[in-house]
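Report on the following structure.
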Amino acid sequence: MHLESVTLHPEKYPLLDRYPFNLPIFHQPQSIHFTTPVTLFVGENGTGKSTLLEALAHICGIHIWRDGLRSRFENNPYEGQFHHCLSINWTSDRVPGSFFGSAIFHHFAQILDEWAVADPNQLKHFGGKSLLTQSHGQSLMSFFRNRYRLKGLYLMDEPETALSPRSQIDLLDLLTNVGSGGNAQFIITTHSPLILACPGAVIYSFDRAPIRTLPYEETEHYRIYKGFMEDRSRYMKS
């Protein structure tokens, strides 16, 4: 592993009634340990898993691509401060890495295309052709296959969003093979029962405090999908 652990320090929170410090999952001191090449964060929307992932990116010095500045109806000055209340431990030296989110991937692909106008060799690091000339799912898998061969810490926020089930299994195979090589470490938020099935991965549940590990078959996502497949009438409104 490159990143060994992250610890939350609630005593450093500037207040408790504004996001992200108002999320109940973060209200007690706790540590998350990364002991396998792939660590998965799972939980309902709004529980804090993506919030912690972005804070990890900040404290690890990993850039998050943003599509320019947007006007906000209500500005929250505390939104980007969570990482100041975390501490991390590396197993040895800090390593580079990247943050992936489906919502910001298209913006990155556009910038890469602009770079390639001046230097076409830029594309060789991402499959040899423009990511914009492929379908969204194809461009994602091309990016994953080429980027994750490099040594680093890779944070992924719900990568299944634009992937078909078949492509999710391809990503699962990629994570398994690349992670076993020892150069790449992945921390991933997901709602996908396919991604959650990654062999050897540790799953952390954010559905109740404190954040805790769960076996795959005990996750709410697995139980809902399994129950729906076995008897979907129980989940359908009459």
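The values are calculated or read from the model by the stated rules, or taken from the named source; none is laboratory data. This one's a predicted model, so the numbers in the text were calculated from it and none came from an experiment. In this analysis, Cβ positions are derived from the backbone assuming ideal geometry, glycine residues included, and neighbour counts consider all displayed protein chains.
Points to keep in mind about this one:
- Whichever residue in region 26-51 is polar (S, T, N, Q) and under 17 Å from the mean Cα position of the chain (by Cα) and, among such residues, is surrounded by the fewest Cβ atoms within 10 Å (Cβ to Cβ): N45
- Output for region 177-207, where each listed residue is in contact (Cβ under 8 Å) with a residue 40 or more places away in the chain, assigned to a loop (DSSP other than H, G, I, E, B) and either more than 13 Å from the chain's Cα centre (by Cα) or under 20 Å from Q28 (Cα atoms) (or both): G182, C198, G200, A201, F206, D207
- Scan of region 208-224 for residues that are buried (at least 16 other Cβ atoms within 10 Å of the Cβ) and either without any contact (Cβ under 8 Å) to a residue 40 or more places away in the chain or assigned to a helix (DSSP H, G or I) (or both), ordered by number: Y216, H221, Y222
- Between L150, L171, the distinction of being surrounded by fewer than 20 Cβ atoms within 10 Å (Cβ to Cβ), among the aliphatic types (A, V, I, L, M) and modelled with pLDDT under 95 belongs to L150 only.
- Residue that is nearest to V202 (Cα to Cα) [pool: residues in region 149-176 that are within 14 Å of the chain's Cα centre (by Cα) and hydroxyl-bearing (S, T, Y)]: Y154
- Only one of A162, A201, A184 that is under 23 Å from V6 (Cβ atoms), in contact with a helix residue (DSSP H, G or I) (Cβ under 9 Å, 6 or more places away or on another chain) and at pLDDT below 95: A184
- Residue in region 11-25 that is farthest from N76 (Cα to Cα), counting only those that are touching a residue at least 60 places away in the same chain (Cβ under 8 Å) and surrounded by 14 or more Cβ atoms within 10 Å (Cβ to Cβ): I25
- Filter result for I111 (farther than 28 Å from E4 by Cα, modelled with pLDDT under 85, out of contact with any Gly (no Cβ under 8 Å at 6 or more places or on another chain) and aliphatic (A, V, I, L, M)): yes
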